[in-house]
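Heads up, the thing below is written out as structure tokens.
The values are calculated or read from the model by the stated rules, or taken from the named source; none is laboratory data. All of these numbers come straight from a predicted model, not from anything done at the bench. Reconstructed Cβ throughout: ideal geometry from the backbone, glycine too, with neighbour counts over all protein chains shown.
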Amino acid sequence: MNDELTARLVRQAMQATAEGEAVDGRPEAALSLRAVGLSVESIAQKLGCSTSVVQAALDTAAARRPRGLRREERFPYELHVLLAAKLRDHPELRDLARANIRRMRETPRAPMAEDWVDRWEEILDLSADAAERQMLRGDELGSDLRQMSPFAGALDQDERAVAMKKAQLLAGLSASGRS
């Protein structure tokens, strides 16, 4: 990954910690930094904390993921982890999603898919916390919704790359029995 992206992720981690979001923000930021190739030691140095704090953050982030996600579900899940966080800072992304839903409705779909689009419209009217809970549901409906997401264009290529790397890293941890 490039130095600019790493610097941006470090800034996000520092900001999350400074704003008192260590419970939510630091684990995700640490996981993103680990996914882009930084060692636990390097993350600790950049964040000004101990390696045990970083490892605890990584363990917390991994433990938050639903158990049993299939390989093809991991990437959409990680995309939506990033989307949920970005939605908090950029509520205008709801407008993007609503515009995408209008376009989605122009294409004939199976009734089940129409139900998922309807559900996304409901989710966009929820508070940030409630929307995040729905976006990151660990059940079949959550998986289906993530496959039919209206957030096309909300993440840049670097963010998408981080999501992919996180999915790969977590798959490796899961295979090794760590999460």
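Across the range 36-50, the qualifying residues are those that are in a helix (DSSP H, G or I) and of a type in the set (S, T, N, Q), and the one among them that is surrounded by the most Cβ atoms within 10 Å (Cβ to Cβ) is SER42. Checking the structure you have, find out if any residue of the range 89-102 is β-branched (Val, Ile, Thr), out of contact with any helix residue (DSSP H, G or I) (no Cβ under 7 Å at 6 or more places or on another chain), more than 26 Å from GLN168 (Cα to Cα) and not assigned by TED's automatic domain parsing to the domain that holds ALA30. No: the range 89-102 contains no residue that is β-branched (Val, Ile, Thr), out of contact with any helix residue (DSSP H, G or I) (no Cβ under 7 Å at 6 or more places or on another chain), more than 26 Å from GLN168 (Cα to Cα) and not assigned by TED's automatic domain parsing to the domain that holds ALA30. The conditions of being within 19 Å of LEU93 (Cβ to Cβ) and within 19 Å of the chain's Cα centre (by Cα) are met by TRP120. Checking each residue in the range 115-137 for being over 14 Å from ALA84 (Cα atoms) and among the β-branched types (Val, Ile, Thr) picks out only VAL117. Inspection of the range 163-178 identifies no residue that is in a loop (DSSP other than H, G, I, E, B), small (Gly, Ala, Ser), at pLDDT 95 or above and more than 13 Å from the chain's Cα centre (by Cα). The criterion of at least 2 residues that are charged (D, E, K, R) is met by the following helices (runs of 4 or more DSSP H) wholly inside the range 51-144: 71-89, 93-105, 111-124, 128-135.
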